[in-house]
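The values are calculated or read from the model by the stated rules, or taken from the named source; none is laboratory data. What you see is a predicted model, and the numbers here were worked out from it, not measured in a lab. Ideal geometry is used to build each Cβ from the backbone, glycine not excepted, and the neighbour counts take in all protein chains shown. Accessible surface areas use protein heavy atoms only, side chains included; no ligands, DNA or RNA. Shrake-Rupley method; radii C 1.70, N 1.55, O 1.52, S 1.80 Å.
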Amino acid sequence: MERVRYSLQREVVFDTIMSERKHFTADDIYARLKVSHPKLSLGTVYRNLQYLSDTGRVRKITLPNDVDRYDGNIEDHYHLICTMCESITDLEIDYFSFIDEEVSSKYGLDIDHHNLVFYHKCPNCKGNKS
Ligand SMILES: [Zn+2]
Ligand SMILES: [Zn+2]
């Protein structure tokens, strides 16, 4: 029974991530689910997120000086972040796989992927300031 409930909760967490093209934090997911799933704890959300990223169903995005985000888009891609509201958008530009190949061959490593983050002030925040 316990097992069934855990995997159900995992699917609920997964569905939440896939429900929007958004980069959820564990807190975002917990806040969204706690009304409909009162038995769910933040710790369970974290455990499920860890499992989902370990198994490659979602991608964990680790950002300097920021909490981890979880991405339903598991293709290699880059992100654009607003320095004011911290909203994250996927960039639709080609992934530079040659960089991975270059680092792999130069250092004899097996590079999985790399990450690039671009910073800007989004139109919303720009508008609010003036
Ligand atoms: Zn913004
Ligand atoms: Zn993304």
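Residues whose amide H falls under 5 Å from that of LYS22, counting only those 5 or more places apart or on a different chain, are GLY72, with hydrogens built in the peptide plane.
Using R₀ = 35 Å, calculate the FRET efficiency as 1/(1 + (r/R₀)^6) where r is the Cβ-Cβ separation of ASP27 and ILE93; round to 0.05.
Working: r = 29 Å, r/R0 = 0.84.
FRET efficiency, ASP27 to ILE93: 0.75.
Looking at ILE81, LEU116, VAL103, which one has the Cα that reaches farthest to the positive end of the dipole of region 75-130 (charges on Cβ: Lys, Arg +1; Asp, Glu -1)? The Cα lying farthest towards the positive end belongs to ILE81. Distant-in-sequence amide contacts of ILE61, defined by a placed amide H-H separation under 5 Å and a gap of 5 or more residues or a different chain, comprise ARG69, TYR70, ASP71.
Where does region 74-130 land on the Kirkwood hydrodynamic radius, alpha-carbon pairs, in angstrom? Taking the inverse mean of 1/r over all distinct Cα pairs, region 74-130 comes out at 13.2 Å. Based on Cα contacts under 8 Å between residues 6+ apart, region 1-73 shows a relative contact order of 36 percent. For LYS34, a cut-off of 23 angstrom between C-alpha atoms picks up these lysines, skipping any fewer than 8 places away in its own chain: LYS22, LYS60. Solvent exposure of region 75-130 amounts to 75 Å² per residue of accessible area, where only protein heavy atoms count and the probe is 1.4 Å. For region 9-130, a crude dipole built from +1 on the beta carbon of Lys and Arg and -1 on the beta carbon of Asp and Glu, taken about the Cα centre, is about 780 debye to the nearest 20.
For LYS121, a cut-off of 16 angstrom between C-alpha atoms picks up these lysines, skipping any fewer than 8 places away in its own chain: LYS129. For region 1-73, the calculated P(r) over all alpha carbon pairs, in 5 Å bins from 0 to the bin holding the longest distance, is 3, 17, 31, 27, 15, 5, 1, 0 percent.
Residues in region 97-130 near a label at THR83, defined as backbone nitrogen under 20 Å from the 7 Å Cα→Cβ point? Label zone hits: 116-130.
For the chain, set up a Gaussian network in which alpha carbons nearer than 10 Å are linked by springs, and say which option among ILE29, ILE111, ILE61 fluctuates the most. Judging by the Gaussian network model, the answer is ILE111. Find which of LEU91, VAL13, LEU33 sits farthest along the positive direction of the dipole of the chain, computed with +1 on the beta-carbon of Lys and Arg, -1 on that of Asp and Glu, about the Cα centre. Checking the options against the dipole of the chain, the answer is LEU33.
Computed over the chain, the per-residue total of -39500 (n - 2.57) for DSSP H runs of n ≥ 4 gives a 222 nm mean residue ellipticity of -13000 deg cm²/dmol, rounded to 500.
Give the carbon-plus-sulfur fraction of the accessible surface of the chain in %, rounded to a whole number; probe 1.4 Å, heavy atoms of protein chains only.
53 percent
Taking the square roots of 5 times each eigenvalue of the Cα gyration tensor of the chain, largest first, gives ellipsoid semi-axes of 29, 23, 11 Å. Measuring nothing but how far apart in sequence close Cα pairs (under 8 Å, 6+ apart) lie, relative to its length, the chain scores a relative contact order of 20 percent.
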